[in-house]
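*Asks:* The structure's right below; bear with me while I get my questions together.
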Amino acid sequence: NVYMHKVHSGIDATPFEMVSNFKGEIARIDNERALDMLLSVPTQGGTRTVNKTGIKIDNIIYIAAELGPYIGQQVR
């Protein structure tokens, strides 16, 4: 509740305002089979690290609210 409603100097607005005023289209994966890539065993030692921006695979970043509790952790 605090983070989303505190003005950030880099954007001169609150994150809530930025999200509320977003007029673009949210990119979604229509092909659920493409999500299998997230479930495949990574080539870099079998784990991936969840960052604030999500999970990066082949220079594509995947993000979901459910990943929030795992930021900074290595996952399989």
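What follows is calculated from the coordinates using simple rules that are stated; it is not laboratory data. Treat the numbers as computed from the prediction; the structure is a model and nothing was measured. In this analysis, Cβ positions are derived from the backbone assuming ideal geometry, glycine residues included, and neighbour counts consider all displayed protein chains.
*Asks:* Run the simple label-point estimate for K56 and R76 please: 7 Å along Cα→C-beta, distance reported in nm.
*Replies:* The answer from the label model is 2.4 nm.
*Asks:* Going highest first, how would you order 17-26, 61-70 by mean Cβ packing within 10 Å?
*Replies:* The densest-packed peptide leads the list: 61-70, 17-26.
*Asks:* Among (1) 102; (2) 117; (3) 131, which is the computed volume of the Cα convex hull per residue in Å³?
*Replies:* Answer label, from the structure shown: (3).
*Asks:* Related question: Taking 0.36 nm per residue of sequence separation and subtracting the Cα-Cα distance, how much length would be gained by fully extending the chain between H5 and R33, in nm to one decimal?
*Replies:* Computed gain between H5 and R33 is 6.4 nm.
*Asks:* On to the next question. Give me the lysines in straight-line cross-link reach of K6: C-alpha distance below 20 Å, same-chain residues under 8 apart excluded.
*Replies:* Straight-distance partners of K6: K52.
*Asks:* Using 1/(1 + (r/R0)^6) with R0 = 25 angstrom and r between the beta carbons of E66 and S20, what's the FRET efficiency to the nearest 0.05?
*Replies:* 0.70
*Asks:* Collect residues whose amide H, placed 1.01 Å from N in the peptide plane, falls under 5 Å from the amide H of I57; neighbours closer than 5 in sequence don't count.
*Replies:* Y62
*Asks:* About the Cα centre, and with charges only on the beta carbon of Lys, Arg (+1) and Asp, Glu (-1), how big is the dipole of the chain? Nearest 20 debye, please. Display every interim value, and only then the final one.
*Replies:* Numbers: 8 positive and 8 negative charges, 48 e Å.
Charge dipole of the chain: 220 debye, to the nearest 20.
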